[in-house]
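K.L.:
Quick one: this structure, given as structure tokens, is what I'll be asking you about.
The values are calculated or read from the model by the stated rules, or taken from the named source; none is laboratory data. All values derive from a computational prediction rather than experimental measurement. Note that we place each Cβ from the backbone using ideal geometry, even for glycine, and neighbour counts take in every protein chain shown. Surface accessibility is based on the protein's heavy atoms, side chains included, excluding ligands, DNA and RNA. Shrake-Rupley method; radii C 1.70, N 1.55, O 1.52, S 1.80 Å.
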Amino acid sequence: MYRVKEAFYTLQGEGAQAGRAAVFCRFSKCNLWTGREKDRAGSVCDFCDTDFVGTDGQNGGRFDTPEQLAAHIRSLWPDQPGKPYVVCTGGEPLLQLDQALIDAFHQAGFEVGVETNGTLPAPPGIDWLCVSPKANAPVVIDQCDELKLVYPQPLAMPERFTGMKATHFFLSPMASPAQGIGQSDPVKQSNTRKATDYCLANPRWRLTLQMHKIIGID
């Protein structure tokens, strides 16, 4: 069974695919945080601002087969020209995403993108792999299309990942998880300046901002 917190049609907001239409499939559960505030302080990833607990989000639910979930995701894609694209995210999608589901997505006509923390092996067949390492969690994926690092993390600074085989290297300024959408966030403003300075000094890295939050979409 696949447990999905939410699924929605939107524009990719970050990284090399920013601006591309996609269906986001947010899987429930993560291996670096329970998603519950009472556990945040003691978690490996203590800055996450995403709700991935349960299956009660928009278009969320439990799906018994990969074909059932793929059909559900396909129903959210418009009947218009353009290559269908699904982004599997979380939580941590590789706790649930398997080759059978990737094959079902492909059969439904989708390119398959994945956003993972990199602590679990990736099944074959993924078309676009984005790794976003967290704190001191061990990264077992050593090759990806895109490395997207939330910055700054004292235990996961860019220098730690110089050996990663990635096509694109991005820094994403860390925000305060306590700030709501549209609220002023001094922490993020400061970190955006720090990330900008780092990219200027280390041009291998590029700055990425959360475009979806800036323009006010999912």
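Yes/no per residue for (1) more than 20 Å from residue 90 (Cβ to Cβ); (2) modelled with pLDDT of 95 or more; (3) not small (Gly, Ala, Ser):
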| residue | (1), (2), (3) |
| --- | --- |
| 113 | no, yes, no |
| 122 | no, yes, no |
| 147 | no, yes, yes |
| 152 | yes, yes, yes |
| 155 | yes, no, yes |
| 158 | yes, yes, yes |
| 167 | yes, yes, yes |
| 171 | yes, yes, yes |
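K.L.:
Another question, then. Kindly indicate whether any position in segment 192-205 is farther than 21 Å from residue 47 by Cβ, open to solvent by 50 Å² or more (accessible area, probe 1.4 Å) and either acidic (Asp, Glu) or touching a residue at least 40 places away in the same chain (Cβ under 8 Å) (or both). Quick ask: steps written out before the conclusion?
P.N.:
Keep residues of segment 192-205 that are farther than 21 Å from residue 47 by Cβ, which gives 200-204.
Right, trim to open to solvent by 50 Å² or more (accessible area, probe 1.4 Å) and you get 200-204.
Imposing the further condition that a residue be either acidic (Asp, Glu) or touching a residue at least 40 places away in the same chain (Cβ under 8 Å) (or both) reduces the set to 202.
Yes, that holds for at least one residue.
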